[in-house]
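Encoded as structure tokens, the structure appears first; notes follow it.
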Amino acid sequence: MDSPPNDLDAQALGHAAPGKGLAREACPYAEGTQARVLWLAGYDAAVADGAEPVTGGIAQHPVDGAR
């Protein structure tokens, strides 16, 4: 799985998450943190923009065609 650049903020990382095979519940930030709020907002925005949501944590094969 390719990783986004390290200089992205939490919201941008959340926005990239569905395309990387991560489910909303796989948010890497702790409950009650601003980073978690931003990541979840980014994830929700990506889904609203048409990204396919992932369920169950991390997809088995997150990159198209990878096996």
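The values are calculated or read from the model by the stated rules, or taken from the named source; none is laboratory data. Nothing here was measured: the structure is a model prediction, and the numbers come from that model. Every residue, glycine among them, receives a Cβ derived from its backbone with ideal geometry; neighbour counts consider all protein chains shown.
What is the number of the single condition among (1) in a loop (DSSP other than H, G, I, E, B); (2) surrounded by 12 or more Cβ atoms within 10 Å (Cβ to Cβ); (3) at pLDDT 95 or above that Tyr43 does not meet? Condition not satisfied by Tyr43: (1). The residues of the range 25-46 that are touching a Pro at 6+ places or on another chain (Cβ under 7 Å) and not hydroxyl-bearing (Ser, Thr, Tyr) amount to a single one, Ala46. When restricted to residues that are aliphatic (A, V, I, L, M), in contact (Cβ under 8 Å) with a residue 12 or more places away in the chain and not in a helix (DSSP H, G or I), the range 13-36 contains 3. Are any of the residues in the range 48-61 modelled with pLDDT of 90 or more, in a loop (DSSP other than H, G, I, E, B) and of a type in the set (A, V, I, L, M, F, W, C)? So far as the range 48-61 goes, yes, one or more of its residues are modelled with pLDDT of 90 or more, in a loop (DSSP other than H, G, I, E, B) and of a type in the set (A, V, I, L, M, F, W, C).
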